[in-house]
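Everything below concerns the one structure shown next.
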Amino acid sequence: MEKESSNPISIQSKEWLIKALINLLKEKHYDDITVTEIADKAQLARRTFYRNFDSKEAVLNSFIQKLVSEYIEDLSKEKSLEVFDIAKVYFTFWCRHLEFLRLMDKNDLLHIILKAYNDFLPIIHKKFKGENRFEENDILEYILAFSGGGFWNMLVAWVKSGAKKTPVEMAELVNKIIGKSAFLE
C-alpha cells in the first residue's frame, strides 16, 4: 500500500522510487528485484522506501494509479465519446506508454494493469455517462466487463504484435468490430 503524504519531500521520494523500479525492470526480472535495490537505485535509504510504500507491489500500483488518472484526464478532453473516439484516446494513451507495457509484458505483470483498469471502469463510466441508464447493475457490470475485456485484449495483441498499427488504425478496427453504438451506453 502507498502511504499518503502531501509533504513535497515524500512526493519526490515516491517519484524517485517509482522511476527506480521502472529502470530496474529494464535490467532484470521483477521477481528478482528487491526493496533494497529499488532504494539504492533511487539513492534513498531503505527506511525512506518503507515510509512511502509497504512493498515493491505498492510502488508499481502507485505508478499504475497515476496512469489511470492520466487516462481519465485524456478521455475527459475528448469532445465525442463514440466508439471510435474512445478507442483513439485509449490507443493513443497506451502508445505513449508502450515501453511500460512492454516491460510489464516481459515480466508477466500485465494482469496488474488489467486489474486496475477493471477497478476503474465503473468510475470512468459514471464520470462520462452519469448515473447508469440500466435498471439492473448486473447489466452494467457485464457491459463494462465485455467492453473492458475487448479493449484490453486488443491492446495486448497490439503490443505483442509490435504495435505496428497506429492508434487511429486501431480505433478504426475497434469501430468495425463494435459498430457505431457507444461502448459506455
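Here are the numbers:
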quantity	calculated
3 or more residues modelled with pLDDT of 95 or more and in contact with a Pro (Cβ under 7 Å, 6 or more places away or on another chain): qualifying helices (runs of 4 or more DSSP H) within the stretch 45-106	83-96
Some residue of the stretch 31-54 being within 30 Å of residue 165 (Cβ to Cβ) and touching a residue at least 12 places away in the same chain (Cβ under 8 Å)	no
Meets criteria (in a loop (DSSP other than H, G, I, E, B), of a type outside the set (Gly, Ala, Ser) and more than 25 Å from residue 118 (Cβ to Cβ)) for residue 24	no
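The values are calculated or read from the model by the stated rules, or taken from the named source; none is laboratory data. Predicted model, so just to flag it, every value in this text is computed and none were measured. FYI the Cβ positions are ideal-geometry reconstructions off the backbone, even for glycines, and counts take in every protein chain you see.
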